[in-house]
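Q: First, the structure itself, so that you have it in front of you.
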Amino acid sequence: MNYQYFQHLYRQSLYDEIKIIGKDIKRDEGWYHILGMTLKNKQAFLCVIEMMDYTWEEEECCLEDRTPRHSMKHHMETQRRESLFLRIRELQCKDYTCRIAGASSGSIKHSDYGEAYFMFLRMVEAGWKLSEESVFYDMEWDSCSITNVELEGEYDHLPEWTEDMQALVYTKQQGGIIEQPVLLECGKTKELEFSLSDGTPAHCYINKVFVFNMWEEQEKKFADPNYKARILEHISEEEFEEMKKNCFKALEEQCPKEQCFVAIYYECNPEVNLNFYDTEYLDTIPEPREGSCSSMAVMLRPEQKTGVHGLPLKGAVIQKPVSKDTDSLEAELFSYNKKVEQKIEQL
């Protein structure tokens, strides 16, 4: 903290309008205190205090020297405990609907308490007072974060917060870790059994394992006049050529021209998306890279929609360069995820 930052926080707290809400709500992931709404320069924000089940230091420590396995597990855990208010899309009540432009959240401690101090001071001046029965009354600020939800558009005055207020939110990304080794053999089928996070038994039917030549697929796509015509409806010829150049540059970095990827077609019951990785990749710490680098996600969509077991047919690509004559690959069914849905939450 220094004077310049102190002055910045002070000016940020000179709101044009404040509405106090002061309401605790409980959800599976923990407690929230809906503090109030602020208006400054026609921008409206909903301010929420959250109870964290981890500390900022736990979130930030050991970010270096991680294997992809460790990093992806950490990412899934972060998604699991993601704030309700970071997933909000609309505020709805009988009289109006407010779309959400975005939201941000940060530990109170991480900002040297300054941001929280000025906000709380303005809220107290506007009438905010925590009840002694509130779970936040004697909770240490080290265990809390502040989430600011920005309302879309410009406002001359803050909207009213009504008793019937509800939020349209995305449900949490539903997924889990599997970590089941599997030998993928070209030309052979395989059946895998595993359990979802809630204990539901699942079956994966690998119908086809094959070597996938990404270079041939991309060259064929860019040579297709129909594809080019569709793209040129939205961009110029020069932009198309630049896109093509960048695509092959990214591909060259991930898979040299004389190499391929191993791909599979699979069905799964219940229907979830499965993530397969090369075992060596999962347990190798990535080497630091200098300068800019390109990356691309390889999507594989089967021509048929339904597999031999009557389930939706899906594709997956293990993005490890292999020779064209590869006949097997030590891989891992690492994780699964379900489609994200929307639901209404009463606030």
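Q: Restrict the check to the range 317-324 and report whether at least one residue is more than 25 Å from ALA202 (Cβ to Cβ), among the hydroxyl-bearing types (Ser, Thr, Tyr) and at pLDDT below 85.
A: No, the range 317-324 has no match at all.
Q: State which residue is surrounded by the fewest Cβ atoms within 10 Å (Cβ to Cβ) when the search covers only the range 308-346 and only residues that are touching a Leu at 6+ places or on another chain (Cβ under 8 Å) and of a type in the set (Val, Ile, Thr).
A: Looking at the filtered set, the residue picked out is ILE344.
Q: Next question, about the same structure. If a residue has to be among the polar types (S, T, N, Q), out of contact with any His (no Cβ under 8 Å at 6 or more places or on another chain) and part of a loop (DSSP other than H, G, I, E, B) to count, how many in the range 107-146 make the cut?
A: 1
Q: Across the range 39-50, what is the total count of residues that are more than 18 Å from ALA167 (Cβ to Cβ) and either buried (at least 23 other Cβ atoms within 10 Å of the Cβ) or not basic (Lys, Arg) (or both)?
A: 3
Q: Considering only residues that are in a strand (DSSP E or B) and more than 14 Å from GLU150 (Cβ to Cβ), which ones fall in the range 81-105?
A: Correct list: GLN92, THR97.
Q: Continuing with the same structure: When the range 143-181 is examined, which residues are found to be hydroxyl-bearing (Ser, Thr, Tyr) and under 30 Å from CYS204 (Cβ atoms)?
A: Correct list: TYR170, THR171.
Q: Another question, if that's okay. Out of everything in the range 1-40 that is among the hydrophobic types (A, V, I, L, M, F, W, C) and in a loop (DSSP other than H, G, I, E, B), what residue ends up being farthest from the chain's Cα centre (by Cα)?
A: Within the range 1-40, the match that is farthest from the chain's Cα centre (by Cα) is LEU14.
Q: Follow-up question, since we're still on this one. Among strands (runs of 3 or more DSSP E) lying entirely in the range 228-347, which contain 2 or more residues that are among the charged types (D, E, K, R)?
A: 314-322, 328-337, 342-346
Q: Moving to a separate point now. GLU253 fails exactly one of the following numbered conditions: (1) farther than 29 Å from LEU313 by Cβ; (2) modelled with pLDDT of 85 or more. What is the number of that condition?
A: Result: GLU253 fails condition (2) only.
Q: Right, here's the next one. Scan the range 219-272 residue by residue and report those that are of a type in the set (S, T, N, Q) and either in contact with a Ser or Thr (Cβ under 8 Å, 6 or more places away or on another chain) or free of Cβ contacts under 8 Å to residues at least 60 places away in the same chain (or both).
A: ASN226, SER236, ASN246, GLN254, GLN259
Q: So, restricting to strands (runs of 3 or more DSSP E) that lie completely within the range 147-222, which ones have at least 1 residues that are at pLDDT 90 or above?
A: 175-185, 190-195, 201-212
Q: Yes or no: the range 264-272 includes at least one residue that is in contact with a Pro (Cβ under 9 Å, 6 or more places away or on another chain) and farther than 30 Å from THR189 by Cα.
A: no
Q: Which residue is surrounded by the most Cβ atoms within 10 Å (Cβ to Cβ), if the candidates are limited to the range 132-173 and must be touching a residue at least 24 places away in the same chain (Cβ under 8 Å) and of a type in the set (Ser, Thr, Tyr)?
A: Going through the qualifying residues, I end up with THR147.
The values are calculated or read from the model by the stated rules, or taken from the named source; none is laboratory data. Since the structure is predicted, the reported quantities are computational estimates derived from the model, not experimental observations. So basically every Cβ, Gly included, is an ideal-geometry build from the backbone, and we count neighbours across all protein chains shown.
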